[in-house]
Amino acid sequence: MERLDQLFVLLKKIILQFAESFLPAPLLPFLSILVSITAIAIFAPLTMMYLTWLERKVIGRMQNRFGPNRVGIYGLLQPIADGIKMLTKEDVIPLGADRVTHFLAPVAVVVPSLLLFSVLPFGRNMTAVNLDIGLLFFIAVSSIGTLAIFMGGWASRNKFSLLGAMRAFAQMISYEVPLVLSVVTVVMIVGSLSTEKIVEAQSGWGGLRWFVFTPWGFVGFMLFFICSVSEVNRTPFDIPEGESEIVAGFHTEYSGMKFALFYMAEFLGAFAYSAMAATLFLGGWQGPLLPSWLWFGLKTFCLVFTMIWLRGTFPRFRVDQLMSYAWKFLFPMGLSNILAAGIWYHTPFPLSFIFATWILLLSFIGLSRLNPTGTRLERRTYRFAE
Amino acid sequence: MFVIWLLVISRTEMDKPETTLDTQMLEVNIGPQHPSTHGVFRMNVTLDGETVVRLKPAMGYLHRNHEKIAEGASYLASMPFTDRLDYICSMTNNLAYAIAVEKLAGIEVPERAQYIRVIMAELTRLVNHTLLVGFLLNDLGAFFTPTLYAFREREKILDLFEATSGARMMCNYMRFGGVKADLHPGFMEKLKEIVENYPRFLDEFEKLLTENEILMSRCQHVGILPKHLAVDASATGPLLRASGVDYDIRKVDGYSIYPRFKFRVPLGSVGDVYDRYYVRILEMRESIKILEQAMKEIPPGEFISKQGATGAKSPRTFRPPKGDAYGRIESPKGELGFYLVSDGTPNPYRYHVRPPSFINLTILEDMCLGCKVADAIIILGSVDIVLGEVDR
């Protein structure tokens, strides 16, 4: 059991021991880093490829169709076929585009989303880089992607791209605020920004003492998840690339592998944010019986599946509704969640639960009443002429 | 004291000009190649940020000289061309043209043919409205799920069309004085199945959509078309009825045998996109009622009159007397009319189509001004256009 739990850690150890026989000692730390990097560099694109497969398959099932099933059994080789297609496609750069920026944007969008993987605790002792400020690093790096998206939209010299880029900027900056606010609660309770420490703080109760089971943790989790769906531009928050309105938004003018890189960033982002949500609120790799990395994978998969499910179900918000949702609802909710977490920390157990629940319930009801778009909705009755 | 000071501050803040930046309007061509213009339609939109300040529809990308071609062909030869007008509802196009020619030549239609025509027309209405709701949701940003649910149901009806007329979309089924062929033997059982299952599908569809908060907040109070404006622009069909005007040609004109059926006309109150969506759902439910009644009452007998049958066999001998006629029906999109002038030759002297989508489209700008780009798209979707009919 213990060995299964530490499978990948042991693998790395074996590689390092093997290398010890012929490498000089000062080079070993570098090799250790290199092994981790290689693992991530293989794991991340593979995840992305099979997430596209999963999304097409799941949405296909939701829509009474099969999804890809021609290449390989269950279409399992479809991502590879897609990759080949993408690589062999013509790369079109529009006339009058800013060529350098146009080329740099897809690169700049993928690198941060790969970097995100370095601080994720994939299992016990399985964080590639155990930074003291892992969480801060995650948030800081993930927001670089916004800039890359704007680069792409601006450099394309296309009005749809520009509109999409402007939307992306407005949206991602607005949603970063409640995202950070929801994370603050965890940092307050744990007292550390290290992702390892955050997971360790959720140990106990046979591995089920997750933050999501506390009132502030639940609200924080919801806020974090909603904001992360928005941060990776997925339905119902996919206005930057809303295909029915602005064709494809910021990546309208990208083709071939460059387009695939934008797509890759989106899927890697979706995976990384889901993994982070699992780390922060669902106990990371904590869980009974199963090996730690399997628990982590399962939790992440569930969240990714929810994102796909949302995509298969919901229509899209409008720009102004999206903004007012972030600033008028999520933002104040995040603030009151911080208050609730503070009270939770400083009062003894039964009282803390009651206080925190009441604060959150009251603010939820109050905010949803105050929300002007909420009150305008009406259930209508229709008259009939004979 | 503090409050007053705050008020004063906020007033002075408000009086300031909003910005000193040099801002420009953004002119965007939405279309002719665009995922949600429902064909090759172009909207020349001027945007202030995201808000639409001017919208000029540009049509004609699909112009096929339909009317002039019809003037050079015999009356019957235009029948298959009418399929291509509104290619989603070919049956109703056929019906409107057949009614116009029958008026012109004074041809009687046997009882059974009338029932068959009503059944086909109402099935077409189901097809059209189901598809429209699906595509409207696509315009709203749903990832094809409602559309594919709609396609699943549409497929069943198209199978029926195929079995009856030989074609799924370009049916070419109506003839002057009746229909091309009688219903095939298994038709009634299949129709019964559809009629029984359709309400269940609609319930499921509505559960997904009608009270969905995103759909409500996107559609309600968006693209309002006031009553008087709708009437002034001679809008017809669900677009007009969603604005609360009681005008259904099946009731007003009572063409074919519609007065025999009991059905109601749903009317909207606000005239926004949501009303247009919901009026269509309710209309489908009424169509199912008509189908139920028609299924029970359909008599045996001839499916085409003698005169019509000879006319269908040798179209060049079909010479309506001199004169003109205007035949109109309530097609799923609105009033579809054919105006024909005969000079006694086998070809019509003048052949004019009154396309509902084209005329409904003329008020697009009035509905879209002040809305966001995303709203303009769903308003266009809720008008329900087919470019084959708009451009002809």
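Throughout, read-outs are computed from the coordinates displayed, never taken from laboratory work. Computed from a predicted model, the values in this text were never measured in an experiment. Cβ coordinates were reconstructed from backbone atoms using ideal geometry, including for glycine residues, and neighbour counts include every protein chain displayed.
Over chain B, what relative contact order in percent results from Cα pairs under 8 Å that are six or more residues apart?
Computed over chain B, the figure is 26 percent.
Give me the compactness ratio for region A:1-67, meaning the Cα radius of gyration over 2.2 N^0.38 Å. Don't skip to the answer; put the middle values down first.
Values: Rg = 18.8 Å, N = 67, 2.2 N^0.38 = 10.9 Å.
Taking the Cα Rg and dividing by 2.2 N^0.38 Å, one obtains 1.73.
Determine, at each q value in 0.11, 0.21, 0.22 (inverse angstroms), the log₁₀ of I(q)/I(0) that the Debye formula gives when each Cα of region B:147-247 is one equal point scatterer.
For region B:147-247, the Cα-only Debye profile gives -0.60, -1.05, -1.07.
Mind checking the mean number of beta-carbon atoms from other chains within 10 Å of the Cβ atoms in B:212-224?
4
List the lysines whose Cα lies under 26 Å from the Cα of residue A:85, skipping any in the same chain that are fewer than 8 positions away.
Partners found: A:57, A:258.
Please report the net charge: other residues with Cβ closer than 13 Å to the Cβ of residue A:11, K and R +1, D and E -1. Don't skip to the answer; put the middle values down first.
Values: positive: A:3, A:12, A:13; negative: A:5.
Charge balance in the 13 Å sphere: +2.
Just tell me how shielded B:244-256 is by partners: mean number of partner chain Cβ atoms within 10 Å of each residue's Cβ, no decimals.
Mean inter-chain Cβ contacts per residue within 10 Å come to 1.
Per residue and in cubic angstrom, what volume does the convex hull of the Cα atoms of region A:1-124 have? Don't skip to the answer; put the middle values down first.
Working: hull volume 26.6 nm³, N = 124.
Taking only Cα atoms, region A:1-124 has a hull volume of 215 Å³ per residue.
Where Lys and Arg each count +1 and Asp and Glu each count -1, what net charge lies around residue B:104 among other residues with Cβ under 15 Å from its Cβ?
After counting each charged neighbour, the total is +1.
Normalising by the residue count of region B:233-392, find the relative contact order in percent from Cα pairs under 8 Å and 6+ residues apart.
RCO, region B:233-392: 23 percent.
Given that compact globular proteins tend to follow 2.2 N^0.38 Å, what is the ratio of the alpha-carbon Rg of region A:2-367 to that value?
It is 1.04.
Stick to Cα atoms and the Kirkwood definition of Rh, then tell me Rg/Rh for the protein assembly as shown.
1.05
Rank these for me by crowding, A:302, B:89, B:371, going from fewest to most other beta carbons within 10 Å.
Placing the least packed residue first, the sequence is A:302, B:371, B:89.
Give me the angle, in degrees from 0 to 90, between the Cα long axis of helix B:145-165 and the longest principal axis of the Cα atoms of chain B, rounded to the nearest 10.
So the inclination is approximately 10 degrees.
Please give the FRET efficiency for residue B:326 paired with residue A:369, using the beta carbon to beta carbon distance and R0 = 60 Å, rounded to the nearest 0.05.
0.60
May I ask you to list the residues of region A:256-278 whose amide nitrogen lies under 12 Å from a point 7 Å from Cα along the Cα→beta-carbon direction of residue A:129?
So the set is empty, nothing qualifies.
What ranking of B:122, B:292, B:155 emerges when the number of other C-beta atoms within 10 Å of each C-beta is taken as an exposure proxy, fewest first?
B:155, B:292, B:122
Using only the alpha-carbon atoms, how far is helix B:187-209 inclined from the longest principal axis of chain B? Give it as 0 to 90 degrees, nearest 10.
Tilt relative to chain B: about 0 degrees.
When the helices in chain A are scored as -39500 (n - 2.57) per DSSP H run of 4 or longer and the sum is shared across all residues, what 222 nm value do you end up with, to the nearest 500 deg cm²/dmol?
Numbers: 17 runs with 258 residues, N = 386.
The helix-only estimate for chain A comes to -22000 deg cm²/dmol at 222 nm.
Name the lysines eligible as straight-distance cross-link partners of residue B:289: C-alpha to C-alpha under 17 Å, and not fewer than 8 places from it in the same chain.
Result set, ordered by chain and number: B:190, B:192, B:251, B:262.
How compact is region B:277-392 by the rule of thumb for globular proteins, expressed as Cα Rg over 2.2 N^0.38 Å?
Expressed relative to 2.2 N^0.38 Å, the Cα Rg reads 1.49.
Return one number: the angle in degrees, 0 to 90 and rounded to the nearest 10, between the long axis of the Cα atoms of helix B:111-140 and the longest principal axis of the Cα atoms of chain B.
20
Given labels modelled 7 Å from the Cα in the Cβ direction, how far is it in nm from residue A:200 to residue A:362?
3.8
Of all alpha-carbon pairs in region A:180-290, indicate the percentage at a distance above 21 angstrom.
So the portion of pairs separated by more than 21 Å is 46 percent.
Starting with the fewest neighbours, write out A:101, A:195 ranked by other beta-carbon atoms found within 10 Å of each beta-carbon.
A:101, A:195
Any idea what the relative contact order of chain A is, in percent, if you count C-alpha pairs under 8 Å spaced at least 6 apart?
That works out to 19 percent.
Could you run the Debye sum over the Cα atoms of chain B, one equal point scatterer each and no solvent, and tell me log10 of I(q)/I(0) at q = 0.08, 0.10, 0.15 Å⁻¹, two decimals?
Treating every Cα as an identical point scatterer, log10 I(q)/I(0) equals -0.45, -0.67, -1.37.
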